[in-house]
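Reading through the structure tokens given below for one structure.
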Amino acid sequence: MQTRDLTIAVAIALCAANAHAAGESNADTAVTAQTLDAVSVIGQGETRQVQRITAVDKQVLPPGTSGQKILDRLPGVSVQSNDAFGANEESQTISLRGFDKSRLGYTLDGIPLGDNSYGNYNGLSIARALIAENLAGAELSQGIGSLGVASTSNLGGAIQYFSMDPSTEFGGRASITAGDDNQRRGYLRVDTGDINGFSAYVSGVHQDADMWAAPYQNQTTRQFNAKAVWQVGDNRFGAFAATSRASQANYAYLSKSMLDRGLGYDWNIYAPDWDRAVAAAYCAPATRDPARCAFSGGVNSIDDAYYQSRALRDDNLYSLDADLKLGDSAGLKLLAYHHDNRGQGHWWAPGQPSHPGTDREIPISIRSTNYTINRQGLTAALTWDVGIHELEAGLWYEKNDHNVERNFYYIDGPFLDDTYLNHPDRRLFDQDFDIRTRQFYVQDRMRFMDDRMTVDVGIKSPNTRMTARAKPGTESSYASGTLTARESVLPQAGISFKLSPRQEVFASYAENIAAFVGGGSGGPLQVSPESFAASVDDLEPEESRTFEAGFRRFGEKYQASLAAYHVMFDNRLLSLNPCTSIEVGTRPECITRFINVGSVKSQGAELTFILKPVDGLQWYNALSWNKTTYEDDYTSGGAVVPVAGKITVDTPQRMASSELSWNRDGFFASVRAKYTGKRYYTYTNDQSVPGVTTFDAGLGYSFGPGMGLRDIKVSLNATNLTNKRYAGQLSSFAPTDPTGTRYAIHASAPRQVFMTVGVDF
């Protein structure tokens, strides 16, 4: 489908990027691409726990690594993926203080990115929104984030990404990366430089790689980014455009039983062995033929493997923004954006026959989940200073037209499905969603005692209405109806106090709710009409109450932060389904029901220590302890599931990271270690995966000017240095798994090595 001729784009601004500082932070100390390098990594002066990364923090990982994966070194953060770049979205997840990725908020330059669910419905991942080389940095608020964050899911924290501003000098950057598993990545960027206050860049990337396990199918990404900034006096205008075309072959899910049977972490899909896939499919209940049914090579279940699976995603993202000065003490920020998406997720479904009842019948067809998103929105924030008060009031409005349908396509044999499928032979369901979001907030930052004490107070009022309309003519009957998540007043307050010029304490309290999940990710409206009618009156939006406090200290050669928190997460929504995870959504009876099952309590502590003993040398350390537990049992199928007091799934209680980096005289080197503790994948804690320590490293040299170029750089990066094989992403959680047969594990990637040559011109 996509050309692999890398001569059209040579790529990667390898670790060459630094945000171009221009101007100071706003009155509310909001971080932007312009100010990112000038602010404290551990949030000096903030009334809540804040951690930041900048462009230099990317050097330890290969060029092209997702901005989300870079966050893995921060305290309280666990990022898992089964590829070195953190780009495979089916296997990518992030947890923070016991909250999974769908309960966090994400923005790019203020543009809402949705809840990052794999089932596309209200946004897109940072990997698709922004070329990794154009990432200036990110800010992580481990508690709830500022009131102005445009998110309907930030129960447990907010991640704000920032794109690089254009350079004020004419030129460009290009690089090529090559490495294990046929990794080929090319990046090119050209900057206009400053033209009477106007500057812009255009950039593109083409990346090809193979799966690291047989059958080594291709992963392809093509992206385009453009950004323009126009400074007119004290006013700043901007524009951003991004396109992404991604085709990702998905890895097989594993169970502990499969690993015990010797299939191992490299076990993957059946492709290209079509005969083996067909023989296994004849063992499925719906297509069972005892004469043809055959398992082989340690496989003993129809769900141990399938022929192949793939995700296709096409995205277009555009924005216009303005930062206006209104006199000496007031300002207005405006942002308008549009995002459209087309996506398909393919799974070659055994037991779902093609051409049934004919002489062409075979026991496999392709199940496709089709997504479309068409959303546009506006944010506005008015700021003004009055005496000791720094006031801000803002709003966010978004209209999202979303469709999700699940189809089956008849086939006659194997082929590479890296293209969109059309004209389905069966349609299981088809739903349109109209999602309207309105959110208002007002806040006041007050400074006392010669700015030694800062007090933040504010409220927000979110309202998200989601209406589903099930289309006729489908095999399964799905609900039509409306769910609304709203709250008139959600308070937030914080205080920081400087004990001395180099040390401070802080504390904050915040409340928040989350919108109900939309169609592409399942959710309470993607159930039968009977199920929805039985539960709609009892469904409540999830909500959180967060309290945190901490201490920070800053020296000439070090920074340190210690924070403790207590979070109550109420009205937890749980989906219950009578079928195995791999069968969900394949048959009419495999319909999910959603219920509120009680509360979750999270408490813990985080320590960050950064030492800079000499110029160019930095030692970064982060420790975290977390205990997140279910507070209530729940009932399923008339039986009580005893989960009260149990640790929540996919939540390590202990994590530690340490990174040593050297950057001086053109040479840079970094090594990172990350320990992630034991994680459960059953609600009753009868099954878990062990803790693991992984290592990554990067080194390179900048040769400086030569051959008519401004700079020439060469770097080498290695991920998973010790080639540790372990359970990466966990999914498909269940109450219990006594036999270890739950398909809940995505394997980690093996050790991979990448080399990059980049130039600045």
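Do the conditions hold for Arg436, that is, is it touching a strand residue (DSSP E or B) at 6+ places or on another chain (Cβ under 6 Å), charged (D, E, K, R), within 27 Å of Ala479 (Cβ to Cβ) and buried (at least 21 other Cβ atoms within 10 Å of the Cβ)?
Considered against the rule, which asks whether it is touching a strand residue (DSSP E or B) at 6+ places or on another chain (Cβ under 6 Å), charged (D, E, K, R), within 27 Å of Ala479 (Cβ to Cβ) and buried (at least 21 other Cβ atoms within 10 Å of the Cβ), Arg436 comes out as no.
Residues being crowded, with 21+ Cβ neighbours inside 10 Å, of a type outside the set (S, T, N, Q) and in a loop (DSSP other than H, G, I, E, B): count how many of those fall in the stretch 636-649.
Residues in the stretch 636-649 being crowded, with 21+ Cβ neighbours inside 10 Å, of a type outside the set (S, T, N, Q) and in a loop (DSSP other than H, G, I, E, B): 2 in total.
What number of residues within the stretch 230-247 satisfy the criterion of being among the basic types (Lys, Arg) and more than 15 Å from Leu334 (Cα to Cα)?
1
Taking Tyr701 as the residue in question, decide whether it is under 23 Å from the mean Cα position of the chain (by Cα) and either touching a residue at least 12 places away in the same chain (Cβ under 8 Å) or surrounded by fewer than 21 Cβ atoms within 10 Å (Cβ to Cβ) (or both).
Taking the combined requirement at face value, the residue does not satisfy it.
Can you name the residue in the stretch 684-711 that is in a strand (DSSP E or B) and among the acidic types (Asp, Glu) and is also farthest from Thr651 (Cα to Cα) among such residues?
Once the filter is applied, the top-ranked residue is Asp711.
So, Ile144, is that one at pLDDT 95 or above and hydrophobic (A, V, I, L, M, F, W, C) or not?
No; evaluated as a whole, the condition is false for this residue.
Are there any pairs, at least 6 apart or on different chains, whose C-beta atoms fall under 8 Å, with the first in the stretch 304-328 and touching a residue at least 40 places away in the same chain (Cβ under 8 Å) and closer than 19 Å to Phe162 by Cα and the second surrounded by fewer than 23 Cβ atoms within 10 Å (Cβ to Cβ) and of a type in the set (S, T, N, Q), and if so, which?
Close Cβ pairs satisfying both conditions: Asp315/Thr243; Asn316/Thr243; Leu317/Thr243; Ala322/Asn235; Asp323/Asn235.
Restricted to the stretch 43-84, and to residues that are modelled with pLDDT under 90 and among the hydrophobic types (A, V, I, L, M, F, W, C), which residue is surrounded by the most Cβ atoms within 10 Å (Cβ to Cβ)?
Among those that are modelled with pLDDT under 90 and among the hydrophobic types (A, V, I, L, M, F, W, C), it is Ala84.
With the stretch 52-125 as the region, which strands (runs of 3 or more DSSP E) entirely inside it contain at least 1 residues that are without any contact (Cβ under 8 Å) to a residue 24 or more places away in the chain and closer than 21 Å to Ser163 by Cβ?
77-80
Any residue that is β-branched (Val, Ile, Thr), over 30 Å from Tyr270 (Cβ atoms), in contact (Cβ under 8 Å) with a residue 60 or more places away in the chain and crowded, with 21+ Cβ neighbours inside 10 Å - is there at least one of those in the stretch 446-469?
Yes, the stretch 446-469 contains a residue that is β-branched (Val, Ile, Thr), over 30 Å from Tyr270 (Cβ atoms), in contact (Cβ under 8 Å) with a residue 60 or more places away in the chain and crowded, with 21+ Cβ neighbours inside 10 Å.
Can you confirm whether the stretch 671-683 contains a residue that is surrounded by 20 or more Cβ atoms within 10 Å (Cβ to Cβ), in contact (Cβ under 8 Å) with a residue 24 or more places away in the chain, of a type in the set (Phe, Trp, Tyr) and assigned to a loop (DSSP other than H, G, I, E, B)?
The answer is yes; a qualifying residue exists.
Those residues that are among the basic types (Lys, Arg) and modelled with pLDDT under 95, I need them from the stretch 212-260; list them, please.
Answer for the stretch 212-260, where residues must be among the basic types (Lys, Arg) and modelled with pLDDT under 95: there is none.
Restricted to the stretch 583-617, and to residues that are at pLDDT 95 or above, more than 17 Å from Phe547 (Cα to Cα) and crowded, with 19+ Cβ neighbours inside 10 Å, which residue is farthest from the chain's Cα centre (by Cα)?
Ile610
Would you point out which residue out of Thr722, Thr635, Thr628 is hydroxyl-bearing (Ser, Thr, Tyr) and either touching a residue at least 40 places away in the same chain (Cβ under 8 Å) or on the phi > 0 side of the Ramachandran plot (or both)?
Thr628 is the lone residue from the list that is hydroxyl-bearing (Ser, Thr, Tyr) and either touching a residue at least 40 places away in the same chain (Cβ under 8 Å) or on the phi > 0 side of the Ramachandran plot (or both).
Report, by residue number, each residue of the stretch 279-304 that is in contact with a strand residue (DSSP E or B) (Cβ under 6 Å, 6 or more places away or on another chain) and either of a type in the set (S, T, N, Q) or over 19 Å from Ser257 (Cβ atoms) (or both).
Ala281, Tyr282, Ala286, Thr287 - these are the residues of the stretch 279-304 that are in contact with a strand residue (DSSP E or B) (Cβ under 6 Å, 6 or more places away or on another chain) and either of a type in the set (S, T, N, Q) or over 19 Å from Ser257 (Cβ atoms) (or both).
Kindly establish whether Ala150 is closer than 23 Å to Arg222 by Cα and surrounded by 24 or more Cβ atoms within 10 Å (Cβ to Cβ).
no
Tally up the residues in the stretch 165-197 that are buried (at least 21 other Cβ atoms within 10 Å of the Cβ), closer than 30 Å to Asp210 by Cβ and out of contact with any Gly (no Cβ under 6 Å at 6 or more places or on another chain), please.
6
Each row is one residue, and each column tells you yes or no for (1) over 21 Å from the mean Cα position of the chain (by Cα); (2) over 25 Å from Gly758 (Cβ atoms).
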| site | (1), (2) |
| --- | --- |
| Ile195 | yes, yes |
| Trp212 | yes, no |
| Gln217 | yes, yes |
| Thr220 | no, no |
| Phe224 | no, no |
| Val229 | yes, no |
| Leu259 | yes, yes |
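Pairs needed: first member in the stretch 726-741, under 13 Å from Met258 (Cα atoms); second member anywhere, among the β-branched types (Val, Ile, Thr); C-beta distance under 7 Å; at least 6 residues apart or different chains.
Short answer, once both residue conditions are applied: Ala727/Val689; Ala727/Ile745.
May I ask you to list the residues in the stretch 650-670 that are over 28 Å from the mean Cα position of the chain (by Cα) and part of a loop (DSSP other than H, G, I, E, B)?
If the condition is that a residue be over 28 Å from the mean Cα position of the chain (by Cα) and part of a loop (DSSP other than H, G, I, E, B), then Asp665, Gly666 are the ones that fit.
Being within 29 Å of Gln439 (Cβ to Cβ) and touching a helix residue (DSSP H, G or I) at 6+ places or on another chain (Cβ under 6 Å) is the filter here, so list the residues in the stretch 343-400 that pass it.
Tyr371
For the stretch 493-550, enumerate the residues that are more than 30 Å from Ala468 (Cβ to Cβ), outside any loop (DSSP other than H, G, I, E, B) and out of contact with any strand residue (DSSP E or B) (no Cβ under 8 Å at 6 or more places or on another chain).
Matches in the stretch 493-550: Ser500 only.
The values are calculated or read from the model by the stated rules, or taken from the named source; none is laboratory data. This structure is a prediction, so every number in the text was calculated from the model and none was measured. Cβ sites come from the backbone with ideal geometry, for glycine too, and all protein chains shown count toward neighbours.
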